[in-house]
Amino acid sequence: MLVYIHVPFCRTRCNYCAFHSVPLGRGVDAAASPQVRDYVDTLLMELALHADTLGGANIQSVFFGGGTPSLLPPRIVGVILDRLGRHFHLGDKTEITLEANPESLRGRNVVPDLLSAGVNRLSIGIQSLDEAMLRTLGRPHKAQDSLQAVFAAREAGCANISMDLMWGLPGQSVRQWLQTLKDAVRMSPDHISTYGLTLEPGTQMELECEEGRLVLPPERDQNIMFMEGAAYLEAQGYLHYEISNFARMGFQCRHNLGYWDGLDYLGLGPSATSTIAGRRWTNPASQRAWDNMVRTGALGKSPEVLTPTVRVLELIMLRLRTANGLRLKSYRELTGRDFLRDNQRLIQALHENGLIRIRNGYLRLTRSGMLVSNAIIANLFERTEAVLNREGLAAGDGNAVAPAPEGEAAQPTIKMDLGKGAGNKAASPEIRPVVWPTA
Ligand code: SF4
């Protein structure tokens, strides 16, 4: 099982951000904030609540995400991990990631204390190494903070460092993006996530773009950023193992891999989602509502039951994000059907356009295919759903989904969260436009 812990606090709100986060303010000491203290109390209660039913489970990875988890004092991170270890099995090999903003790793003892608390992987939100871009994004740090953060992490003995970078930023050129990647590689991270900027509704950045004060790079340039950026990182020894993720050999994020492999995950904290044994629930985003639900023991009591069709669609969506791709046998096991036959004309069109490869029983997207992954997956969803609704599932092993207990509504919802690096970009310099077959 995977554990995700959502820490909703940030210093300030970045201009592009639509995540659930609570700005604490620049000068506020998180350790002394009553809101943070209440959050930790409720989190430990929520953990104990789940331990009643899931206690003793083997934990493959723990991921502190946010928000800005590095605002939590390392001592508190230690308390949370200690409590997790009491209820669940955390082994020597459990990957424990903490997302950090560069400026929050500044103190001399912060990284050593985080490592002592049990964190063994830092994911640093660098986003850009260009001061002007950082200002446009509204990030609370400077490029120098990022260099110092990575240096401090290495000095302290952190053996697994990831960095987040963003491309497709207002005013950014292809040359600037490639320079950012070069500067980043010079810092020798073990893992790099590269996200294309998505303009989220209601954000400051969306407003500024609408008003013409900021201008996104042309789509053609964005496509080149994705393609050339990926090629550059691969040439530097980073495996392109998922649409937005690159890693040195052996440093793929185990938490992400588990998620894409469909392992169960327990989400703790406001707005966190859990999926356990075919049932899914999402905590309320508001801290107060989440706190109420934890105190009344109501969390996870009305889960969405994942139907076989939803599970099949998720398998397609998650597996096609990865470099390995979709194992055709897994589709057959879940549905009793043949994926290639079910999507024959579409598969043929994708193949002819160089967007997919089929080899050794796996169907995977090529790099050009990753660029239009949203459109490809949306098409596959539509067709697969239609086929399964029309013809039903045959006797696949995966049909053994527990029936919904009486009174539980089985209303499947699939989120098309395909990563920011893969928008619906039909026209690109490297690929021909796809003519989607109609049947
Ligand atoms: S630090 Fe991350 S979560 Fe917080 S406001 Fe910025 S982008 Fe959003």
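Some observations on this one:
- Criterion applied to Thr366, Thr384 was being within 28 Å of Asn245 (Cβ to Cβ), over 23 Å from the mean Cα position of the chain (by Cα) and of a type in the set (S, T, N, Q), and the one residue passing it is Thr384.
- Filter result for Asn223 (within 24 Å of Asn15 (Cα to Cα) and within 15 Å of the chain's Cα centre (by Cα)): no
- Looking across the range 1-34, the residues that are more than 23 Å from the chain's Cα centre (by Cα) and either part of a loop (DSSP other than H, G, I, E, B) or within 15 Å of the ligand (Cβ to nearest atom) (or both) come down to Leu24, Gly25, Arg26, Gly27, Val28, Asp29, Ala30, Ser33.
- Selected residue [surrounded by 17 or more Cβ atoms within 10 Å (Cβ to Cβ) and within 24 Å of Arg254 (Cα to Cα)] from Ser123, Ser104, Ser128, Ser116: Ser123
- Against the numbered list (1) closer than 28 Å to Leu257 by Cα; (2) assigned to a loop (DSSP other than H, G, I, E, B); (3) within 16 Å of the ligand (Cβ to nearest atom); (4) of a type outside the set (S, T, N, Q), Gly56 comes up short only at (3).
- Any hit, the range 39-49, residues being in a helix (DSSP H, G or I), more than 14 Å from the ligand (Cβ to nearest atom), crowded, with 20+ Cβ neighbours inside 10 Å and charged (D, E, K, R): yes
- Residue in the range 160-167 that is more than 14 Å from the ligand (Cβ to nearest atom), more than 14 Å from Ile126 (Cα to Cα) and either of a type in the set (Phe, Trp, Tyr) or at pLDDT 95 or above (or both) present: yes
- If the condition is being more than 16 Å from the ligand (Cβ to nearest atom), surrounded by 15 or more Cβ atoms within 10 Å (Cβ to Cβ) and assigned to a loop (DSSP other than H, G, I, E, B), then the range 131-158 contributes Ala156, Cys158.
- Among residues of the range 26-47 that are modelled with pLDDT under 90, those with a beta-carbon under 7 Å from a residue that is assigned to a helix (DSSP H, G or I) at least six positions away or on a different chain give the pairs Ala30/Val36; Ala30/Leu71.
- For the range 294-304, the criterion of being crowded, with 16+ Cβ neighbours inside 10 Å and among the polar types (S, T, N, Q) is satisfied by no residue at all.
- For the range 85-130, the tally of residues that are among the hydroxyl-bearing types (Ser, Thr, Tyr), part of a helix (DSSP H, G or I) and away from the ligand (no atom under 16 Å from the Cβ) stands at 1.
- Residues located in the range 220-260, provided they are of a type in the set (A, V, I, L, M, F, W, C) and part of a loop (DSSP other than H, G, I, E, B): Ile243, Met249, Phe251, Cys253
- Condition met for Leu178 (on the phi < 0 side of the Ramachandran plot, in a helix (DSSP H, G or I) and hydrophobic (A, V, I, L, M, F, W, C)): yes
- Matching option when the condition is within 20 Å of the chain's Cα centre (by Cα), among the charged types (D, E, K, R) and either in a loop (DSSP other than H, G, I, E, B) or under 20 Å from Ser61 (Cα atoms) (or both), among Arg311, Arg280: Arg280
- Residue in the range 264-271 that is hydrophobic (A, V, I, L, M, F, W, C) and either out of contact with any helix residue (DSSP H, G or I) (no Cβ under 8 Å at 6 or more places or on another chain) or surrounded by fewer than 22 Cβ atoms within 10 Å (Cβ to Cβ) (or both) present: no
- The residue pairs whose first member lies in the range 142-165 and is within 19 Å of Arg254 (Cβ to Cβ), whose second member is in a loop (DSSP other than H, G, I, E, B) and modelled with pLDDT under 95, and whose beta carbons are closer than 7 Å, counting only pairs six or more residues apart or on different chains, do not exist in this structure.
- Against the test of being among the polar types (S, T, N, Q) and more than 30 Å from Leu263 (Cβ to Cβ), the options Ser21, Ser33 yield a single qualifying residue, Ser33.
The values are calculated or read from the model by the stated rules, or taken from the named source; none is laboratory data. Predicted, not measured: the structure shown is a model, and the values here were computed from it. Note: ideal-geometry Cβ built from the backbone for every residue, glycine included; neighbour counts use all protein chains shown.
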